[in-house]
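Everything below concerns the one structure shown next.
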Amino acid sequence: MIPAIRGTHDILPGEVERWQRAEDISRRLFERYGYAEVRTPIIEREELFAKGTGETTDIVQKEMYAFTDKGGERVTLRPEATPSLVRAFVEHALEQRMAAPKVYLFGPMFRYERPQKGRYRQFHQLDVEVFGMADPAIDAEVVDLAWALVAALGIVGAELVVNSVGCPACRPAFAAALVAALGADVSRLCRDCQRRAQTNPLRIFDCKVPADQPVIDALPHSLDFLCDGCRTHFAAVERHLGMYGIPYRVSHRLVRGLDYYTRTTFEILAGGIGAQNALLGGGRYDGLFRQLGGPDRTGIGFAAGLERLVLAMPEPRRSERRRPLFVAYMGEAARDAALALLRDLRRAELEAHMEYEGRSLKAQMKRADRLRAAFTLILGEEELAAGEVSVKDMATGGQRRVRREAVVEECRALVNGGRE
Ligand code: HAM
């Protein structure tokens, strides 16, 4: 057989339910905060990310699935969603069409990275963006949404890290200070860092090479170089986070691996999911619209890796588990009655299963167990004659007869009553 491509993965029954839950919970939450869904193409012009994500990022330099298509155009599978959403927002003048300039997107992203636990070449993000709002209260609202998302998924022990990376007014001084502080040490750093020191010194903070870390840890902090506007903005973000009672840690190393960030950056980290522990990350990008040739608009948002959210999510609570029904029958005469009952249960929006192969009652009960049926409804000659159905509680083994006319309603009550 031809196997799947390295770094990609199938999401199979048994696992897909957790994905569906994560998606449902996120969707409901985003809509409560006033976001509307946008779906953009998976394939875009390469230029969108070269200009948007940034020429000096690892993503653009090493990780894009970019190629020349049959028409001779340079295209790429998207490595992230932010530039696509900005493009779509401008291209369709959504500013005029939407009640609030807040969008979200779910979908696969592609980065040619070294696969490991929690890191894939095709992975899935949920992404939210707010356009055209510069107030620091929005930064805090977006962080609050990220925090609420992690909580709504039942993930405990997560940590919020925030920073400010300044703006084009104050960043050059910070970049110069980094280069000055590195001095001759730069030659002791890895080749990537040596290149970064030349092209975009902030990117040095992305370095994962263990030997480089002591040097990087001793570098100056972006917060010490903020201009008045950026400092005031960050103080206001902190004040709002305090007001919302969201615990956080400030980390000067959080410059994020994409070039467009200005001012606020943040990540939420999880415990117990391995080295790739960033559940989500985001920040403000006030220059990206112009960078892409659009109007002068601010932006802020974040993206979460669904693989990592699903990994960090606890098992569903008993009350959230599905409680399917199974219809078993004995003898050919009961088969049609069983089929009609199966259909009635499904019409009543209950999950119901049946086996068509006409195997023994024992074999059918086995199947019911495998399906984790909460109740099995048994129809045999006796039940048929009496106009009744036997209802077996699979947890207790208890069994009783219910009138056929009443059985659908009874099942609904049983299934829903089992949730607490
Ligand atoms: P990012 O930090 O590159 O930001 O990715 C966001 C999240 O996507 C990460 O925290 C991680 O959970 C997940 N992720 C990234 N790469 C992989 C991978 N190879 N395998 C599995 N999961 C991965 C962005 O993409 C920005 N667009 C976020 C943003 C939105 N900033 C502002 N708005």
Cα centroid of region 1-65 to Cα centroid of region 334-349, whole Å: 40
Share, in percent, of DSSP beta bridges within region 319-416 that are antiparallel, nearest 5: 55
GluC sites (Glu not before Pro) within region 266-370, DSSP loop, no more than 16 other Cβ atoms inside 10 Å: Glu349, Glu351, Glu357
0 to 90° range, to nearest 10: angle between helix 136-152 axis and the chain longest Cα axis: 30
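How much FRET efficiency would the formula 1/(1 + (r/R0)^6) give for Arg195 and Ala134, where r is the Cβ-Cβ distance and R0 is 41 Å, rounded to 0.05?
Values: r = 33 Å, r/R0 = 0.82.
Given R0 = 41 Å and the Cβ-Cβ separation, E is 0.75.
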Distant-in-sequence amide H partners of Met109 (H built 1.01 Å from N, under 5 Å): Phe123, His124, Gln125
Percent accessible area from carbon and sulfur atoms, region 319-416, protein chains only, probe 1.4 Å: 47
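What FRET efficiency comes out for the pair Ala176/Tyr244, r = Cβ-Cβ distance, R0 = 51 Å, nearest 0.05?
On the way: r = 36 Å, r/R0 = 0.70.
Plugging the Cβ-Cβ distance into 1/(1 + (r/R0)^6) gives 0.90.
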GNM flexibility winner over the chain from Val165, Val156, Val408 (Cα, springs under 10 Å): Val408
Euclidean distance between Cα centres, region 90-155 to region 291-318, Å: 4
Helix 228-243 vs. the chain, principal-axis angle (Cα, 0 to 90°, nearest 10): 30
Global form of the chain, assessed from the alpha-carbon gyration tensor, a/c cut-off 1.5: prolate
Rounded to the nearest 10 Å², the accessible area of Arg290 at probe 1.4 Å: 130
Whole-angstrom gap from region 376-408 to region 167-225, using each part's C-alpha centre: 72
MRE, 222 nm, helices only [DSSP H, n ≥ 4, -39500 (n - 2.57), over the chain, to nearest 500]: -10500 deg cm²/dmol
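From the square roots a ≥ b ≥ c of the eigenvalues of the alpha-carbon gyration tensor of region 156-241, which class results: rounded (a/c under 1.5), prolate (a/b over b/c), or oblate? Could you put the intermediate results ahead of the total?
Details: a/c = 2.76, a/b = 1.45, b/c = 1.90.
Oblate shape, in that a/c is at least 1.5 and b/c is the bigger or equal ratio.
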Cα long-axis angle, helix 16-32 against the chain (0 to 90 degrees, to the nearest 10): 60
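Roughly how many percent of the accessible protein surface of region 174-289 is carbon and sulfur, given a 1.4 Å probe and a whole-percent answer? Don't skip to the answer; put the middle values down first.
Values: 2700 of 4980 Å².
Summing carbon and sulfur atoms, their accessible area is 54 percent of the total for region 174-289.
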3J(HN,Hα) from dihedral phi, region 191-206, Karplus parametrisation 6.51/-1.76/1.60, rounded to Hz, x for glycine, proline: 4, 4, 5, 4, 5, 4, 4, 7, 8, 7, x, 4, 5, 4, 5, 6
Nonlocal amide H pairs with Phe326, under 5 Å, H built at 1.01 Å: His353, Phe375, Thr376, Leu377
Region 1-108 shape via C-alpha gyration tensor axes, a/c threshold 1.5: oblate
Per residue, in Å², the accessible surface of region 157-270 once ligands and nucleic acids are set aside, probe 1.4 Å: 45
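The values are calculated or read from the model by the stated rules, or taken from the named source; none is laboratory data. Just so we're clear, the structure is a prediction, and the values are computed from it rather than from any experiment. Backbone-built Cβ (ideal geometry, glycine too); neighbour counts: all protein chains shown. With ligands, DNA and RNA removed, areas are computed over all heavy atoms of the protein, side chains included. Shrake-Rupley method; radii C 1.70, N 1.55, O 1.52, S 1.80 Å.
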